[in-house]
Amino acid sequence: MKILVIGASGGMGRLVADRLEKAGADVVRAHRAVGVDAYTGAGLAEAARGVDVIVECANNITQRASKAIDFFGTVAANVSEAARDAGVQRVVCLSIVNAAQPQVNSKMGYYQGKARQEEVYRRELGDRVILFRTTQWFELGATMLDSMSLGPVGVMAHMLSRPLAVADGADLLADVALNGGAAVVEVAGPADLDMLDVAREIARRRGTPRWVLGINFGGKVIRSGALRPDGAFEVTATTFGQWLDQTYPAAVGA
Ligand SMILES: NC(=O)c1ccc[n+]([C@@H]2O[C@H](COP(=O)([O-])OP(=O)(O)OC[C@H]3O[C@@H](n4cnc5c(N)ncnc54)[C@H](OP(=O)(O)O)[C@@H]3O)[C@@H](O)[C@H]2O)c1
């Protein structure tokens, strides 16, 4: 099976590509640094030639709604066109649980972009697209601290989620890419957690930033549980404690 992974140098894309290769698939790793730009379309048709499945994990981190909607909507349209032209069996789009709901994303520009992404794929590919949605990853705590710290002070939003380890998500995403699945697959971690507490524990284990301030961002729904799945979902195994011990082994027992 030949599988194109778009965003293959990113946090999720790299892990999925590794798992697919290990399972024996012929993997094409695509991202801009290797000449495939899913936003402009450059190199996309060539990358999709002869491919059976596309896994789309591209990302553009912005909170500006117009930018997010433009990026995710344009990439979805370009990937859909390339998939149709190449006769690809299915496209698996990596998305976020409940981000497409208007009551959840009304104050979250990035999530509005994810809503547009899902809408375009559904419209363009119908039952040839699988929306693979996960909750927030434990790793997001570190990513956000790294982008929102000033000296010893970091900032993190209150987000009540049911987060998971990206590695567990990659196992399931690779399985769906290889074997197919329902039109929507939702995945969440083993327990409810506020992402502020996740970030604070990461900071404690790393020793930086020294203080993590909690902020309210994105509206009340974001901190009161709307990011957790409403219906049936796959539960991943790795607990936050296990993930911390694996990720920051030097700090175990500290
Ligand atoms: N973080 C979370 O908690 C979470 C939870 C659920 C879902 N998600 C979703 O998971 C997806 C992947 O996130 P991530 O954190 O793994 O991403 P990431 O680490 O930011 O990596 C993004 C990837 O996209 C590529 N890329 C960016 N622009 C591109 C373009 N125009 N054409 C082709 N490739 C492009 C990048 O490579 P180049 O720069 O070389 O192009 C890179 O490989 C996102 O859609 C995100 O919404 C994230």
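Is it the case that Val129 is crowded, with 20+ Cβ neighbours inside 10 Å and in contact (Cβ under 8 Å) with a residue 12 or more places away in the chain?
So Val129 fits the description; yes.
Under 8 Å by Cβ, and 6 or more places apart or on different chains, what pairs join a residue from segment 1-20 that is among the β-branched types (Val, Ile, Thr) with one that is part of a helix (DSSP H, G or I) and within 6 Å of the ligand (Cβ to nearest atom)?
Hits for this filter: Val5/Gly13; Ile6/Gly13.
Could you please let me know if Glu56 is touching a residue at least 12 places away in the same chain (Cβ under 8 Å), buried (at least 23 other Cβ atoms within 10 Å of the Cβ), of a type in the set (D, E, K, R) and within 12 Å of the ligand (Cβ to nearest atom)? Show your work before the answer.
Details: touching a residue at least 12 places away in the same chain (Cβ under 8 Å): yes; buried (at least 23 other Cβ atoms within 10 Å of the Cβ): yes; of a type in the set (D, E, K, R): yes; within 12 Å of the ligand (Cβ to nearest atom): yes.
Against the criterion (touching a residue at least 12 places away in the same chain (Cβ under 8 Å), buried (at least 23 other Cβ atoms within 10 Å of the Cβ), of a type in the set (D, E, K, R) and within 12 Å of the ligand (Cβ to nearest atom)), Glu56 qualifies.
Does at least one position in segment 76-91 carry a residue that is buried (at least 24 other Cβ atoms within 10 Å of the Cβ), near the ligand (Cβ under 7 Å from one of its atoms), under 24 Å from Val185 (Cα atoms) and of a type outside the set (Ser, Thr, Tyr)?
No, that holds for no residue.
If we scan segment 188-208, do we find a residue that is out of contact with any helix residue (DSSP H, G or I) (no Cβ under 7 Å at 6 or more places or on another chain), surrounded by fewer than 16 Cβ atoms within 10 Å (Cβ to Cβ), closer than 30 Å to Ala25 by Cα and touching a residue at least 12 places away in the same chain (Cβ under 8 Å)?
No - not one qualifying residue is present in segment 188-208.
Only one residue in Leu20, Leu4 is at pLDDT 95 or above, under 21 Å from Phe72 (Cβ atoms), more than 9 Å from the ligand (Cβ to nearest atom) and crowded, with 21+ Cβ neighbours inside 10 Å, so which one is that? If you could, list the steps in order and put the result at the bottom.
Numbers: Leu20 fails: under 21 Å from Phe72 (Cβ atoms).
Sole residue among the options that is at pLDDT 95 or above, under 21 Å from Phe72 (Cβ atoms), more than 9 Å from the ligand (Cβ to nearest atom) and crowded, with 21+ Cβ neighbours inside 10 Å: Leu4.
Across segment 7-65, what is the number of residues that are in contact with a Phe, Trp or Tyr (Cβ under 8 Å, 6 or more places away or on another chain) and of a type in the set (Ser, Thr, Tyr)?
Adding up the residues that qualify gives 2.
Mind checking whether some residue in segment 34-41 is in contact with a strand residue (DSSP E or B) (Cβ under 7 Å, 6 or more places away or on another chain) and modelled with pLDDT of 95 or more?
The answer is yes; a qualifying residue exists.
Select, from Asp192, Asp197, Asp175, the only residue that is among the acidic types (Asp, Glu) and within 18 Å of Arg14 (Cβ to Cβ).
Asp175
Looking at (1) more than 7 Å from the ligand (Cβ to nearest atom); (2) surrounded by 15 or more Cβ atoms within 10 Å (Cβ to Cβ), can you tell me which one Glu46 breaks?
(2)
The values are calculated or read from the model by the stated rules, or taken from the named source; none is laboratory data. For clarity, every value in this text was computed on a predicted model and none was experimentally measured. Neighbour counts run over all protein chains shown; Cβ positions are idealised from the backbone, glycine included.
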